Amino acid sequence: MDWDLAIKRNSEALKGIIEALSAMLDAKVTRIPHRLHRAVLRVLRPAESAVRRLIVVAARGLVVKVAPSRPMPKGHRIGKGSGPSRPAFRLCDKRIFFPELSQPRVKYAKYPPRIHVFPYDTLVPMPRPAVVPPPPPDGMVNAARLSRRLQALKGALDNLPGQARRMARWRARREAAKAPKFTSPLRPGQPPGHRRKPTHEIDEVLTECHWLAWEAMRPDTS
């Protein structure tokens, strides 16, 4: 398979989609209509999944040496720079959480608990939680987080080799860990943003990138 040609073809398609999203979402506008927010997110989510899978394909067979962890210098803090931080692209799919599978086993006490009822006069009143004001009824929502996600997506696609090295370092750290929760950046099943019935160009791109990523991660049995 010509992996470079597959990466180039899908990268060009994704760049056109991202340019269309950037035209829809002005970076200077902080609040946008809710309908526009949903329209951008409907394309942005599968585009993130497609770029993530292109990174997996670009990182196939890439071996890097992970530097040993060092203590942070005294007085330094993460994310406390002078200017705004550059948004980082998420390398791993967001896992689906099933609360019914993560409930701890019930342990019964050997002896019954000792319950003491205090008089009502001695109880200390607890402060009530602050009431979150409802969003304004103008139909506008905050677009700051959406803009940062789009910026991170564009930066990752423009620097696929650098993102591939990030992926290789992430994979090496996972392999060196004693008991990692998961070792694949892609979650099982369908990717985030997948739709059964394609309604946009991004759906076809995501389907191809998803197949390419799993083919790239398949172990070589030759």
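The values are calculated or read from the model by the stated rules, or taken from the named source; none is laboratory data. Predicted, not measured: the structure shown is a model, and the values here were computed from it. Methodologically, a virtual Cβ is constructed for each residue, glycine included, from the backbone with ideal geometry; neighbour enumeration extends over all protein chains shown.
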Query raised in the report: Looking at region 143-162, which of the residues that are touching a residue at least 12 places away in the same chain (Cβ under 8 Å) and within 14 Å of the chain's Cα centre (by Cα) is farthest from Leu25 (Cα to Cα)?
Result: Ala156
Requested in this report: Could you please find all residues in region 148-182 being aromatic (Phe, Trp, Tyr) and either under 16 Å from Lys8 (Cα atoms) or surrounded by 14 or more Cβ atoms within 10 Å (Cβ to Cβ) (or both)?
Outcome: Trp170
Requested in this report: Collect the residues in region 187-222 that are more than 14 Å from Ala47 (Cβ to Cβ), in a loop (DSSP other than H, G, I, E, B) and touching a Lys or Arg at 6+ places or on another chain (Cβ under 7 Å), keeping them in residue-number order.
Outcome: Arg187
Query - Neighbours by Cβ (under 7 Å, 6+ apart or cross-chain): first from region 189-205, more than 12 Å from Lys94 (Cα to Cα); second of a type outside the set (Ser, Thr, Tyr) and in a loop (DSSP other than H, G, I, E, B) - result: Asp203/Arg195; Glu204/Pro198
Query raised in the report: Are any residues in region 18-71 polar (S, T, N, Q) and in contact with a helix residue (DSSP H, G or I) (Cβ under 7 Å, 6 or more places away or on another chain), and if so, which ones?
Result: Ser22, Thr30, Ser49
Report summary line: Scanning region 1-31 residue by residue, the ones that are touching a Leu at 6+ places or on another chain (Cβ under 7 Å) and under 30 Å from Met140 (Cβ atoms) total 7
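Conditions tested, residue by residue: (1) under 28 Å from Ala176 (Cα atoms); (2) of a type in the set (Lys, Arg).
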{"residue": "Asp2", "(1), (2)": "no, no"}
{"residue": "Leu14", "(1), (2)": "no, no"}
{"residue": "Leu21", "(1), (2)": "no, no"}
{"residue": "Thr30", "(1), (2)": "no, no"}
{"residue": "Arg35", "(1), (2)": "no, yes"}
{"residue": "Val40", "(1), (2)": "no, no"}
{"residue": "Arg53", "(1), (2)": "yes, yes"}
{"residue": "Lys65", "(1), (2)": "yes, yes"}
Query raised in the report: Is it the case that region 140-147 has a residue that's β-branched (Val, Ile, Thr), under 29 Å from Ile32 (Cβ atoms), surrounded by 14 or more Cβ atoms within 10 Å (Cβ to Cβ) and modelled with pLDDT of 85 or more?
Result: yes
Report task. Scan (1) surrounded by fewer than 18 Cβ atoms within 10 Å (Cβ to Cβ); (2) outside any helix (DSSP H, G or I); (3) modelled with pLDDT of 90 or more for the single condition Glu19 breaks and write down its number. Result -> (2)
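Taking the conditions exactly as written (at pLDDT 75 or above, at positive phi and exposed (fewer than 10 other Cβ atoms within 10 Å of the Cβ)), does Gly61 satisfy them or not?
When the stated conditions are applied, Gly61 passes them.
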Query raised in the report: Given the structure, is Val40 within 15 Å of Leu153 (Cβ to Cβ), surrounded by 12 or more Cβ atoms within 10 Å (Cβ to Cβ), modelled with pLDDT under 95 and β-branched (Val, Ile, Thr)?
Result: yes
